[in-house]
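**Student:** Below: one structure in structure tokens.
The values are calculated or read from the model by the stated rules, or taken from the named source; none is laboratory data. Note that the structure is predicted; figures quoted are calculated from it, not measured. Cβ coordinates were reconstructed from backbone atoms using ideal geometry, including for glycine residues, and neighbour counts include every protein chain displayed.
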Amino acid sequence: MKSSEIKELLPQLFQRTLRDGGPLNALLDVMASLHEPVETVLANLATFFNPRTAPDKFVPYLACWMDLDRFFPLYCAQNEGFQRNADPISSGNGSLRELIASAAFLSQWRGTAKGLKHFLEIATGVGGFRLLENLDGEGQPRPFHVCIIVPDDAEPHRALIERIVEQEKPAYVSYELKSGSATEGREAP
């Protein structure tokens, strides 16, 4: 809101006393400058709700709204304020943006091999995860078990992978993580 717009809101008595360089004019200029940051945010409000265009500092809040903060609880506990210096997940803010954008799809496929595989690939930014259903890491049959073959490039994100698998697999299914492509077997669709 500009000084001239604020002036129009003042009672007639105040409007008549406005003079260039006067204290009331200076006060109106201060009021206009206080409104400017808020008006800038409101003019670009749509960018805040799009995970691909939101400011970096706002992305963790979007993740909370999509119930993705459960994958980075330590980040939330240590950083109660709006100022955050580290990325919430080990693969960076870009992966978190893509998780937010894919949240509806991932929610639809939650508890399935397809959903888990996509979740892991988006969260880590690494493709090539393999899920072997009803087989252990040695290729032996094991009911209600999934062996997840983690690509070597995704190893730095192992803690994140474990948190994701724990929360996205069905409750009755056990799992194990194996590195690389050492295990052969029938991959889940």
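**Student:** In region 1-13, which residues are in a helix (DSSP H, G or I) and surrounded by fewer than 13 Cβ atoms within 10 Å (Cβ to Cβ)? If you could, list the steps in order and put the result at the bottom.
**Tutor:** So in region 1-13, the residues in a helix (DSSP H, G or I) come out as 3-9, 12-13.
Hits for region 1-13 are Ser4, Glu5, Glu8, Leu9, Gln12, Leu13.
**Student:** Next question, about the same structure. Which condition breaks for Ile161 when tested against (1) touching a Ser or Thr at 6+ places or on another chain (Cβ under 9 Å); (2) of a type in the set (Val, Ile, Thr); (3) free of Cβ contacts under 8 Å to residues at least 12 places away in the same chain?
**Tutor:** Exception for Ile161: condition (3).
**Student:** So which residues in region 27-45 are surrounded by 10 or more Cβ atoms within 10 Å (Cβ to Cβ) and more than 16 Å from Met1 (Cβ to Cβ), if there are any at all?
**Tutor:** The answer is Asn44, and nothing else.
**Student:** Filter region 164-175 down to residues that are buried (at least 16 other Cβ atoms within 10 Å of the Cβ) and of a type in the set (D, E, K, R) and give me whichever is farthest from Ser102 (Cα to Cα).
**Tutor:** Lys169
**Student:** Identify, by number, the condition in (1) touching a residue at least 24 places away in the same chain (Cβ under 8 Å); (2) in a loop (DSSP other than H, G, I, E, B) that Asp20 doesn't meet.
**Tutor:** Here Asp20 clears every test but (1).
Residue-wise test of (1) surrounded by 17 or more Cβ atoms within 10 Å (Cβ to Cβ); (2) of a type in the set (Phe, Trp, Tyr); (3) more than 10 Å from the chain's Cα centre (by Cα); (4) modelled with pLDDT of 90 or more.
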position	(1), (2), (3), (4)
Asp67	no, no, no, no
Gln78	no, no, yes, no
Gln83	no, no, yes, no
Gly94	no, no, no, no
Leu99	yes, no, no, yes
Ala103	yes, no, no, yes
Ser107	no, no, yes, yes
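**Student:** Can I ask one more? Going through region 110-130 one residue at a time, which ones are closer than 11 Å to Glu168 by Cβ and either surrounded by 16 or more Cβ atoms within 10 Å (Cβ to Cβ) or among the aliphatic types (A, V, I, L, M) (or both)?
**Tutor:** If the condition is that a residue be closer than 11 Å to Glu168 by Cβ and either surrounded by 16 or more Cβ atoms within 10 Å (Cβ to Cβ) or among the aliphatic types (A, V, I, L, M) (or both), then Thr112, Ala113, Gly115, Leu116, Lys117, His118, Phe119, Leu120, Ala123 are the ones that fit.
**Student:** Considering only residues that are surrounded by 14 or more Cβ atoms within 10 Å (Cβ to Cβ), outside any loop (DSSP other than H, G, I, E, B) and in contact with a Phe, Trp or Tyr (Cβ under 9 Å, 6 or more places away or on another chain), which ones fall in region 134-161?
**Tutor:** Asn134, His145, Val146, Cys147, Ile148, Ile149, Val150, Ala154, Leu160, Ile161
**Student:** Of the numbered conditions (1) hydrophobic (A, V, I, L, M, F, W, C); (2) at pLDDT below 85; (3) more than 15 Å from Leu96 (Cα to Cα), Leu45 fails exactly one; give the number of that condition.
**Tutor:** Of (1) hydrophobic (A, V, I, L, M, F, W, C); (2) at pLDDT below 85; (3) more than 15 Å from Leu96 (Cα to Cα), only one is false for Leu45: (2).
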